[in-house]
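The values are calculated or read from the model by the stated rules, or taken from the named source; none is laboratory data. None of these values were measured; they are calculated from a predicted model. Note that we place each Cβ from the backbone using ideal geometry, even for glycine, and neighbour counts take in every protein chain shown.
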Ligand code: PHE
């Protein structure tokens, strides 16, 4: 019986080690440890032993059972680990896991309007410039013919960084005219979009931060007719063929003559309605022929060269383009609003 147990132990251990998967191992478990298994069969013969032999043989049988169970457990773990390793090597990406839905965003309506505007100007040979929001008062005012004492320089309108009012948040994109004249060869055709800052309270049409797009052309023989022709073309491309414009005289320190351009109201077609405050027209931009003094300050001879410039409010352009009634909607980033465009 002792030999029988030793043989079973040796055979079982060898068989467990040779098993190549958990199904085979399970079969071996039944074969050796099951109710009709080999070890059980031996134990059933215990009754035939003398009372003296029984305890020692019982202890041995239990030891063999424990050893087999132990070996089974170890082999089973080994096989599981091997199987996992094989699976991981094979499926580096588990394509059976369902994907997470990706929420697609899109451009902000104001940037849609800006991109359309850029597209039109790039098509006409303009270069797009980027400029600093922290600007020298010298470029924002002096070089644009708005010297000391000009009302727009007032502390109540402008965000200055220093007591001497030399560094400021730009109040317009027009200093980009000066930066372009100082750094680019003639002729010049540029637009320069960006943020500008003024001390305004927030309401349906005002914000202390808003966006402008500056535009400028300098060449020989440039006239007001070029200004009107170009801006009319831009407006037709943005708002559709036949969109009517009107040019009203205005004043800016850095252009002479100066004007504001209105677009016929898209809501009422010029009859007058709440959107255009009964006017029939909506103001879109300021423009004019560059003042000879501004050209001179940048070292350009106004007897040889002339130019025109404009500054357009980007929020206003987007509001007209998408029929948005309140400026604040553009900045609040409410997804329920933004999703509509
Ligand atoms: N900078 C002016 C403004 O902010 C607009 C403008 C630009 C006017 C260029 C004329 C020429 O109102």
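Whether any residue in the stretch 231-246 is in a strand (DSSP E or B), in contact with a strand residue (DSSP E or B) (Cβ under 9 Å, 6 or more places away or on another chain) and in contact (Cβ under 8 Å) with a residue 12 or more places away in the chain is what I want to check.
Checked against the condition, which is being in a strand (DSSP E or B), in contact with a strand residue (DSSP E or B) (Cβ under 9 Å, 6 or more places away or on another chain) and in contact (Cβ under 8 Å) with a residue 12 or more places away in the chain, the stretch 231-246 yields at least one hit.
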Inset, instruction - Please tell me if residue 162 is farther than 30 Å from residue 326 by Cα and assigned to a loop (DSSP other than H, G, I, E, B). - result: yes
Inset, instruction - List the number of the failed condition for residue 89; all other conditions in (1) part of a helix (DSSP H, G or I); (2) surrounded by 10 or more Cβ atoms within 10 Å (Cβ to Cβ); (3) under 60 Å from the mean Cα position of the chain (by Cα) hold. - result: (2)
Inset, instruction - For the stretch 189-206, enumerate the residues that are touching a helix residue (DSSP H, G or I) at 6+ places or on another chain (Cβ under 7 Å) and within 14 Å of the ligand (Cβ to nearest atom). - result: 190, 191, 192, 193
Inset, instruction - Name every residue in the stretch 14-26 that is free of Cβ contacts under 8 Å to residues at least 40 places away in the same chain and either in contact with a strand residue (DSSP E or B) (Cβ under 9 Å, 6 or more places away or on another chain) or surrounded by 13 or more Cβ atoms within 10 Å (Cβ to Cβ) (or both), in order of residue number. - result: 15, 24, 26
Inset, instruction - Out of the residues in the stretch 303-327 that are over 18 Å from residue 192 (Cβ atoms) and surrounded by 15 or more Cβ atoms within 10 Å (Cβ to Cβ), state the one that is farthest from the chain's Cα centre (by Cα). - result: 305
Legend entry - Among (1) in a strand (DSSP E or B); (2) farther than 30 Å from residue 123 by Cα - the single one residue 195 does not satisfy: (2)
Inset, instruction - For the stretch 165-188, name all the residues that are away from the ligand (no atom under 12 Å from the Cβ), in a loop (DSSP other than H, G, I, E, B) and within 26 Å of residue 126 (Cβ to Cβ). - result: 184, 185, 186, 187
Legend entry - Boolean, residue 249 is within 12 Å of the ligand (Cβ to nearest atom), under 16 Å from residue 310 (Cα atoms) and modelled with pLDDT of 95 or more: no
Legend entry - Wholly enclosed helices (runs of 4 or more DSSP H) of the stretch 260-341 bearing at least 2 residues within 16 Å of the ligand (Cβ to nearest atom) and in contact with a strand residue (DSSP E or B) (Cβ under 9 Å, 6 or more places away or on another chain): 292-297, 314-322
